[in-house]
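Student: One structure follows; several queries about it will come next.
The values are calculated or read from the model by the stated rules, or taken from the named source; none is laboratory data. Remember, it's a predicted structure, so these values are computed and weren't measured experimentally. Cβ placement follows ideal geometry from the backbone for every residue including glycine, while neighbour counts extend to all protein chains displayed. With ligands, DNA and RNA removed, areas are computed over all heavy atoms of the protein, side chains included. Shrake-Rupley method; radii C 1.70, N 1.55, O 1.52, S 1.80 Å.
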Amino acid sequence: MSISHSPARQPPAPRLDLDEAAAHARRAAVLASVESILGWDEQTMLPPAGGAHRADQVAAVASLAHSLRTDPAQGDRLERLAVAMEGGDWSADERATVLRLLRDYRKHVRLPARLVEETARACIEGQQAWVDARRRSDWKGFAPKLAHIVALKREQASCQSPDLDPYDSLLDDHEPGARASDVSALFDRLRPSLVPLVRACTGAPHAPLDDVLRGQFPRGAQEVFVRTVAERIGFDFNRGRLDSSEHPFCSTTGPHDCRITTRWDESYLPTALFGVLHEAGHGLYEQGLREQAFGLPGGEAASLGIHESQSRLWENLVGRSLPFWEWCLPLARTMFPAALSETSPESVQRSLLAVRPSLIRVEADEVTYNLHVMLRFDLERALVRGELAVADLPSAWDDRFEQDFGIRPANAAEGVLQDIHWSAGLIGYFPTYTLGNVYAAQMMAAIERDLPALPVELAAGRFGSLLGWLRERVHHHGRLIDPGRLVAAATGGPISERWLVESLWKRYGSAHGLAQRPPA
Ligand code: ZN
């Protein structure tokens, strides 16, 4: 039913523009959410032969979404609104909404349709070639595909943000407002604290072993256990699901439909549990966004780094803490009595802090993880800037790896070919993992100041005040505030690596019997 207003009672034109711009943005978001349900289905349910038709479905929806996002009528409305908002009675949220929608529109509209389609195709082909190349450790077969993708991403960078350095343009897609020079300076301050910590941990005479949670953990009981933990920390199964996939992920397909996955190892409990804690951390963020702002910046995540801060906080800073295991171990023991009869919360927690340098990023512990990320950041930045040729990437990778970790990959599969990201066109993405760790540690330091009773609450299985803090300080703002300002406002200080360094030295130093002192 429609209601007709007499002209005299109609809201002023800019208000109508804002309503229409918001409705338009929501239509694009609904289409994008169809793309995500197709992606979720592909990774959890799709029969192998369905892949080619699924690619057609995704391409069709993506093309519709791109044409909506670049609709000139939407661009005109947003430009008019930006001018109208220089005066008048507008809230800060309304201004931020229009500013961000206009920023997105200008970025999308500068990309030629030919480039968007060619990039989409190159990335689908790149991922297929990567799967095969990694299996056979065949760098030479993959290199031309990657060279093509890098060329397309450089073109995308210069089209969408002609005033930015090309790598900054790609980084900005994932971490709005972040600049490579700042990230690089942050990493340069972080590295000199991490390298000696890794050496001290691996050389410690009484280093912990990750053997406490090994044993027999039947899949059925694990499913009940991890679901109970996810529910207890606040994941709402009325608005979400838990399924299985080869690589755990979190996918949101609407304001009331957030889906997480994990994988299972019947001989090692942490595989499924930490997959769930990580992905439920992402899911809690998605479920904490304002549902009435679905499709608008107020209802969308601030950045990949902020997203990762939420998953890492629950996975590492809660899930590897002693108070968490004081609550969780008795629960786990009711389900796995034989495997856990000899354990204590202290022994479990210590075993979860074992440090073991590994060639593979996704198997890395919390301390060495950031060194894997820094290596990828430096190499991809050099690629985009034309300072490193794709042909020279494997030797550059191996040299740097040896320098940072003291071991050299034996082949491309355990070196330069191990991650899917570059084959999927995700360049400027890796640094957000370490930014997430930096943000998470800084938030946890603020949380510990604001909530002094937190250890007691966690030990009793009460997670409400921690989640409440994150809801209010982080989730509620969506992407109306850029990540740097969001972290500063939430924690009371500018982004700093200091909290991550202190947190790692304190927790891992203690588990390894080291002096409690990060280097000056
Ligand atoms: Zn994550």
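Student: In degrees between 0 and 90, to the nearest 10, how far off the longest principal axis of the chain does helix 180-202 point, with axes built from Cα atoms?
Tutor: 10 degrees
Student: Normalised radius of gyration for the chain, please: alpha carbon Rg relative to 2.2 N^0.38 Å, two decimal places.
Tutor: Here the Cα radius of gyration is 1.00 times the empirical estimate.
Student: Give the cross-link partners of LYS107 among the aspartates and glutamates, using a straight C-alpha distance below 14 Å as the criterion and excluding same-chain residues fewer than 8 apart.
Tutor: Once the sequence-local aspartates and glutamates are set aside, what remains near LYS107 is ASP71, GLU79, GLU155, ASP163, ASP168, ASP172, ASP173.
Student: May I ask you to derive the relative contact order of segment 310-405, considering only C-alpha pairs under 8 Å and at least 6 residues apart, and to give it as an integer percent?
Tutor: 18 percent
Student: Over the chain, what is the relative contact order in percent, taking alpha-carbon pairs closer than 8 angstrom and at least six residues apart?
Tutor: For the chain, the relative contact order is 20 percent.
Student: Taking a probe of 1.4 Å, how large is the accessible area per residue of segment 180-511, in Å²?
Tutor: It amounts to 37 Å² per residue over segment 180-511.
Student: Hey, another quick one. Using Cα atoms only, what is the angle between the long axis of helix 13-44 and the major principal axis of the chain, expressed in degrees (0 to 90) to the nearest 10?
Tutor: For 13-44 against the chain, the angle is about 40 degrees.
Student: DSSP beta bridges in the chain, what fraction antiparallel, as a percent rounded to 5?
Tutor: 45 percent
Student: Any idea how far apart ARG103 and LEU322 come out in nm if each label point goes 7 Å out from Cα toward Cβ?
Tutor: Output for this residue pair reads 4.3 nm.
Student: If the label point is 7 Å along Cα→Cβ of ARG232, which residues in segment 295-336 have backbone nitrogen under 12 Å from it?
Tutor: 319, 323-335
Student: Let me ask another. Using only the Cα atoms of segment 371-520, build the gyration tensor, take square roots of its eigenvalues as a ≥ b ≥ c, and label the shape rounded, prolate or oblate: rounded if a/c is under 1.5, else prolate if a/b is larger than b/c, else oblate.
Tutor: Prolate, since a/c reaches 1.5 and a/b exceeds b/c.
Student: Also, quick follow-up: Enter the angle in degrees (range 0 to 90, nearest 10) between the Cα long axis of helix 431-450 and the first principal axis of the Cα atoms of the chain, meaning the one along which they spread out most.
Tutor: Rounded to the nearest ten degrees, it is 80.
Student: Round to a whole number: what % of the accessible area of the chain belongs to carbon and sulfur, probe 1.4 Å?
Tutor: Answer for the chain is 54 percent, counting heavy atoms of protein chains only.
Student: Mind ranking 417-424, 60-67 by how tightly packed they are, going by the mean number of other C-beta atoms within 10 angstrom, highest first?
Tutor: Result, highest mean first: 417-424, 60-67.
Student: Counting helices only, and only those DSSP H runs with n ≥ 4, report the 222 nm mean residue ellipticity of the chain as the sum of -39,500 (n - 2.57) divided by its residues, in deg cm²/dmol to the nearest 500.
Tutor: Rounded to the nearest 500, the figure is -20000 deg cm²/dmol.
Student: Still on this structure: Relative contact order, percent, of segment 204-271 when contacts are C-alpha pairs under 8 Å separated by at least 6 residues?
Tutor: Over segment 204-271, the number comes to 37 percent.
Student: Any lysines with Cα under 21 Å of the LYS145 Cα? List them, leaving off those in the same chain fewer than 8 positions away.
Tutor: Counting by Cα, and skipping residues close in sequence, LYS145 has these lysines nearby: LYS153.
Student: Any idea of the accessible area per residue across segment 14-162, 1.4 Å probe, to the nearest Å²?
Tutor: 53 Å²
Student: If we sort 488-494, 326-332 on the protection proxy, mean other Cβ atoms within 10 Å, highest first, what's the order?
Tutor: Top to bottom by mean Cβ count within 10 Å: 326-332, 488-494.
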